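Accompanying notes for the structure given below.
The values are calculated or read from the model by the stated rules, or taken from the named source; none is laboratory data. What you see is a predicted model; the values in this text were computed from it and never measured. Using ideal geometry, Cβ is built from the backbone for each residue, glycine included, and neighbour counts are taken over all protein chains shown. All accessible areas refer to the heavy atoms of the entire protein, side chains included, with ligands and DNA or RNA removed. Shrake-Rupley method; radii C 1.70, N 1.55, O 1.52, S 1.80 Å.
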Amino acid sequence: MNHEEYRDLLSALLDGELDEAQRASALAHLDECEECRAYYAELCAVHDAIAELEPETVPAGFAESVMARLLEGEKVVKLKKRSPWRGWTALAACAAVVVLAVGVTQNSRKSANTNTMEMAPAAPAAGYREEGAEEPSTGGSMLMQSMTMAPAGGVNDAAADLAEYEGNESVVMTVPTADANPAEKAEGLREAELLLYGEDAEFWLWNHGEYDDAEQGYWVDRETLSELPEGLSLGTSELVARWNASERSFAFVRAADAEAQR
Amino acid sequence: MDEIELIRACREGSETAFEELIRMHESKVYSLCRRMCRDEDNALEAAQDTFLAVWRGIGSFREDSTFSTWLYRLATNACLDLLRREKKHSGGVSLDDEDVHIDLPDPAPQPEEAIERSETQRMVREALYALPDGYREVLLLRESEQLSYQEIAEATGLELGTVKSRINRARLALKNYLAASGNFFEFSTSKAAKKQ
């Protein structure tokens, strides 16, 4: 196992999620590898930092506020427009060429701005800690300086392996390479990602979905996805089964023929 | 009434039972929503949405399932939906955006330790908000809500392997964020781990 493979293992070690054999392997590796010991210490530090966050206080009257919304009736929920672009659907349906000429209403996003960061200098770990083990005293401190966010010059293996993201914006995940066949690409899609099959799939998505230009696909809500017209289908793959079993209200969808060309 | 009895009563339309069910679980739902959403109003709305989804879906909840896992699923969905809507309306927020609101420290005199702790809290929260939503989701379910990997997989619909790697990557991203911002961790010798 190389360092990359050990990293997932070490995070799971911290969480007490390894079986005895894996745990023994991870601990044995930590005994031998200074780099992984330093990495494990950093994982512990992040764990501690979140654990030390002050608990959130539920606002007074929260339960009453839920009941008030409930008693106002479903009409309050239905009045919320989840998708402001829906109003364009009828216009697009009867004057497709004109709308295409006018342009597509898309989510405006900034250009990709990948922050790459070098790993902080490793701090020596005095030992290893696992969930359920005796908790050490929290005497550590963090040296605070003013917050500056400057991309580092290089990209280490760990940062390169991490999905790129634009600050708080949607993530561009690692996807299979261009030479992967369509089936492999489908398997590489994230959860709740679906392919829409059919001759007019792309046009239907453009009419009914919200285009995400960062990820080059469409977000479609569950209700709309359940009302596909004749000629379009999501297929019967494991992805669809997973989507059906999930309770997410939006799916990320690409047209299958467009996906095959990626 | 215990939780099962409350759920049954809710199924029969008891608003009193539902309100009691809210009070029983409001703390964990609000906590998760607050740490998922940068904006306090959004957190409140997502938490309310979560319980409204409970009310709407309680009829289909199977008693042999774990209610809290289902509740977390609804909460994460509510947060992700709301965050997606917010991004669509606002055009997204970048760490480089001059309009990003950063809470300033309280100007009232405070002991140095209190200031440092307050700054630490703020930095860690900002680092969490900077994570992609899907990474923040699994990390908070693990670190804040103490769910097992299996429970996180059930709540999010992700594969177990994906949960494991996302948690690892989220921790790494958080660490890199805090390191790149000029702050770094110092380990106390008293934090020595115990090798078993």
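A few remarks follow.
- Close pairs (7 angstrom Cβ cut-off, 6 or more residues apart or separate chains): more than 7 Å from chain B (Cβ to nearest Cβ) in region A:46-74, of a type in the set (Val, Ile, Thr) anywhere: A:Asp48/A:Thr138; A:Glu52/A:Thr138
- Filtered residue count, region A:7-23, keeping only those that are assigned to a helix (DSSP H, G or I) and either within 10 Å of chain B (Cβ to nearest Cβ) or on the phi > 0 side of the Ramachandran plot (or both): 8
- Count of residues meeting criterion [closer than 22 Å to B:Val138 by Cβ, open to solvent by 70 Å² or more (accessible area, probe 1.4 Å) and acidic (Asp, Glu)] in region A:55-64: 0
- Test: residue in region A:216-239 that is touching a Ser or Thr at 6+ places or on another chain (Cβ under 9 Å) and under 12 Å from B:Gly157 (Cβ atoms): no
- Residues being more than 7 Å from every other protein chain (Cβ to nearest Cβ) and crowded, with 20+ Cβ neighbours inside 10 Å - total across region B:48-69: 5
Every residue, every condition in (1) open to solvent by less than 70 Å² (accessible area, probe 1.4 Å); (2) at pLDDT 75 or above; (3) outside any helix (DSSP H, G or I), yes or no:
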| residue | (1), (2), (3) |
| --- | --- |
| A:Glu223 | no, yes, no |
| A:Leu228 | yes, yes, yes |
| A:Gly231 | yes, yes, yes |
| A:Thr236 | no, no, yes |
| A:Leu239 | yes, yes, no |
| A:Phe252 | yes, yes, yes |
| A:Glu259 | yes, no, no |
| A:Arg262 | no, no, yes |
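- The combined condition, being of a type in the set (Ser, Thr, Tyr), open to solvent by less than 20 Å² (accessible area, probe 1.4 Å) and within 9 Å of another protein chain (Cβ to nearest Cβ), is fulfilled by B:Thr156.
- Residues that are surrounded by 11 or more Cβ atoms within 10 Å (Cβ to Cβ) and of a type outside the set (Asp, Glu), drawn from region A:17-34: A:Leu18, A:Gln22, A:Arg23, A:Ala24, A:Ser25, A:Ala26, A:Leu27, A:His29, A:Leu30, A:Cys33
- Meets criteria (at pLDDT 90 or above and open to solvent by 60 Å² or more (accessible area, probe 1.4 Å)) for B:Arg23: yes
- Taken over region B:147-163, the criterion of being assigned to a helix (DSSP H, G or I) and either modelled with pLDDT of 90 or more or of a type in the set (S, T, N, Q) (or both) is satisfied by B:Tyr149, B:Gln150, B:Glu151, B:Ile152, B:Ala153, B:Glu154, B:Ala155, B:Thr156, B:Leu160, B:Thr162, B:Val163.
- A search for C-beta distances below 6 Å between a residue of region A:15-26 that is in contact (Cβ under 8 Å) with a residue 24 or more places away in the chain and any residue that is of a type in the set (Asp, Glu) and open to solvent by less than 50 Å² (accessible area, probe 1.4 Å), counting only pairs 6+ apart in sequence or on different chains, returns A:Gly16/A:Glu130.
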